[in-house]
Amino acid sequence: MGDESKIRVGLLGCGTVGTGVLRILRDNASDIEARLGVKVEVVKIAVRDTDKPRDGIVPRAMMTRDANEVIDDPDVQVIVEVMGGYEPARTYLTRALNGGKHVVTANKALLARHGAEIFRLADDVHRDVIFEASVGGGIPIIRSLREGLASERIDSIHAIINGTSNFILSAMSTEGHTYGAALANAQARGYAEADPTMDVAGTDAAQKLSILIALGFGTDVPFEKILTEGIDTVSADDIAYAKSFGYVVKPLAIARAHEGAIEARVHPALVPVQSMMGSVRGVFNAVYVHTASLGPLMFYGQGAGMLPTAAAVVSDVIELGRNILRGTSGRIPHLAFHEGLIPQRALRAPAETECRFYLRFPVSDQPGVLASIAGALGARNISISRMVQDDSDGTAPVQVVMLTHEAREGDVRDALSTIGSLPFVRGPIRYLRIEEIR
Ligand code: NAP
Ligand code: HSE
């Protein structure tokens, strides 16, 4: 078991999250030692550019441009990967596991694409890979699904799991910020991915949802197959109309178990302002889990940013430290379930989703328009529950905005395609789903 007087860590990456790890290890050192029984010490740090100006907490003497120096250091017991991206992160983690290191990673993109291969290797070499920071930032949702809810049959998960998107929509709706200004602010605070389209186009949330589905339902759903729509098409008008109906637009990730199938989708949706989900603002995330015997549970906390994310990473280092000190590994399956012991479910077709819808039609203000829209909706069994139309000066398009009763998504898309080709429609029709989650 070697020297057990401390747990020695090598960092791959020292940007927003890596710097936070150093801070928490310094500021909470005595609590961490009291919980783990020994100290945690960072001994080597790989970055891209050793000359870059950095926070004073980053010890220059430990820095290298050569990640292999960290991975191959015989003193390092735990590799913490906080560099991001698919490569070289995948190669480094593979080398680290083969070299006998345990791994902590915050890299949901890597896990969503190559998790199965990485976890299989870790099992083969009797090492652990843990990843609390990969979903929900500082919220201990991975540990909760793997351990706290191990007795449960999960019915559904509704989550706000992209802090950048929630921060942007919140700034647009409560402070009247433009989309561009809000995104720049999220980037400046260290919330956004290196490529922020991963956040605003919904890819980051789809990657995280794929991890939650594996942990919650034991089913492998590749993130590329999840219906994914970003917040980048939500306009200030949609936010204002939603508000007038008593709703707020939130970036949701949803998974629900059906007989033999899993429904999975990532998209902005209207949720009631007076609901728990409606109250999750700024960079905060929330994961609402419904289980057969517990009913609803809500996990809430900061979903991105230096210290919340680093807190999750350090908690993983402590978990691995405990395993190392006890000479154990592989106690809990990486993805919560033992492979092959749970039937895989098919992904449900998005057209089968049933919910209420928000529809906005930019149209000419002329006789028969409302009747035509209502007729096309009615022909597909879609019933209107509420409606507003702007006053008009007779020249510019007017906005007709409707909320529907529950309808089948495939029917709504068909109806919108018919309506979109009518001559009075003056621009793209917008539609958003409504989730009455309380
Ligand atoms: P970041 O600020 O961009 O930091 C990335 C770090 O990795 C930098 O120190 C960079 O070096 C280093 N790096 C990149 N490529 C490298 C390479 N090939 N070799 C060696 N070092 C390399 O990113 P971050 O925000 O800390 O995010 C890191 C990871 O955590 C990502 O997987 C991200 O998805 C995940 N995460 C982030 C947050 C968040 O709120 N930021 C939350 C949850 C999860 P230089 O400093 O020299 O450029
Ligand atoms: N870019 C991510 C977000 C970081 O905004 O949620 C946390 O995973």
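The values are calculated or read from the model by the stated rules, or taken from the named source; none is laboratory data. Worth saying up front: this structure is predicted, and the values here are computed from it rather than measured. Please note: Cβ atoms are built from the backbone with ideal geometry, for glycine as well, and neighbour counts cover all protein chains shown. Remember, those area values only see protein heavy atoms, side chains included, never the ligands or the DNA or RNA. Shrake-Rupley method; radii C 1.70, N 1.55, O 1.52, S 1.80 Å.
Sequence-distant contacts, meaning Cα pairs under 8 Å at least 6 residues apart, place the relative contact order of the range 253-355 at 29 percent. Accessible surface of the range 65-162, 1.4 Å probe: 46 percent of it comes from carbon and sulfur atoms.
If you fit an axis through the alpha-carbon atoms of helix 163-174 and take the longest principal axis of the Cα set of the chain, what angle between them do you get, 0 to 90°, nearest 10? Long axis of 163-174 versus the principal axis of the chain: about 40 degrees. Which of the three applies to the range 1-145, rounded, prolate or oblate, going by the alpha-carbon gyration tensor with a ≥ b ≥ c and a/c under 1.5 meaning rounded? Taking the square roots of the gyration eigenvalues as a ≥ b ≥ c, the range 1-145 is rounded.
Quick one: Cα centre-to-centre distance for the range 249-286 and the range 191-225, in angstrom? Here the answer is 13 Å between Cα centres.
Can you give the helix-only mean residue ellipticity at 222 nm for the chain, where every DSSP H stretch with n ≥ 4 adds -39500 (n - 2.57) and the sum goes over all residues, rounded to the nearest 500 deg cm²/dmol?
One gets -10000 deg cm²/dmol as the mean residue ellipticity at 222 nm.
Averaging the sequence gap over all C-alpha pairs within less than 8 Å and six or more residues apart, then dividing by the number of residues, gives the chain a relative contact order of 16 percent. Cross-link list Lys101/Lys208; Lys44/Lys208; Lys44/Lys225; Lys52/Lys225: which exceed 31 angstrom alpha carbon to alpha carbon? Going by Cα-Cα distance, Lys44/Lys225; Lys52/Lys225 fall outside the 31 Å limit. What is the angle, in °, between the Cα long axis of helix 16-27 and the longest principal axis of the Cα atoms in the chain? Nearest 10 is fine, range 0 to 90. Approximately 50 degrees, to the nearest 10.
Beyond 22 Å, what share of the Cα-Cα pairs of the range 1-84 is found? Please give it as a whole percent. Here the long-distance tail beyond 22 Å is 23 percent of all Cα pairs in the range 1-84. With the simple model of a label 7 Å out from the Cα in the direction of the Cβ, Ser5 to Arg120 spans 4.2 nm. Label zone (Ala34, point 7 Å along Cα-to-C-beta; backbone nitrogen cut-off 20 Å) within the range 297-338: 311-312, 314-319, 321-322. Taking 0.36 nm per residue of separation and subtracting the current Cα-Cα distance, fully stretching the chain between Arg153 and Leu422 would add 92.1 nm. Given R0 = 35 Å, the distance between the Cβ atoms of Phe245 and Thr395 translates into a calculated FRET efficiency of 0.85. Return the FRET efficiency for the residue pair Thr178, Arg386: r is the Cβ-Cβ distance, R0 is 22 Å, and the value is rounded to the nearest 0.05. Computed FRET efficiency for Thr178 and Arg386 comes out at 0.20.
Taking 0.36 nm per residue of separation and subtracting the Cα-Cα distance, full extension of the segment from Asp220 to His258 would add 12.2 nm.
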